[in-house]
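Each remark here refers to the structure printed beneath this line.
Every number here is computed from the coordinates shown, using simple stated rules; none is lab data. Treat the numbers as computed from the prediction; the structure is a model and nothing was measured. Counting neighbours? That spans all protein chains shown, and the Cβs are built from the backbone with ideal geometry, glycine included.
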């Protein structure tokens, strides 16, 4: 059963849940690497977009794909979200801001 704790940011909650920092999640030959899994609520806390935008970006292949742990429970890997954040280029003119404008031929005067 979950305790009634105050909510913190998605990354802090995920790291606190396992009681370790991200630097401790290293891959050694002796033990497999533990990948932190984030729920939809944690992703939405960490990424400043809405739920519908998240799903639309995921469907378009512009956001990391979610994975299902059970039929009604899905998650994202924290390292995939972090790598996506580093590749987002806000100054890229081709990233697609808003709806595309239709090609309108110049009117003959």
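A few remarks follow.
- Contact order relative to length of segment 44-92, as percent, for alpha carbon pairs under 8 angstrom and 6 or more apart: 21
- 86, 53 arranged by Cβ crowding within 10 Å, fewest neighbours leading: 86, 53
- As a rough footprinting exposure proxy, the listed residues 107, 66, 83 were ranked by other beta carbons within 10 Å of their own, and the order from fewest upward is 107, 83, 66.
- Inter-site label distance for residue 49 and residue 65 at 7 Å from Cα along Cβ, in nm: 1.7
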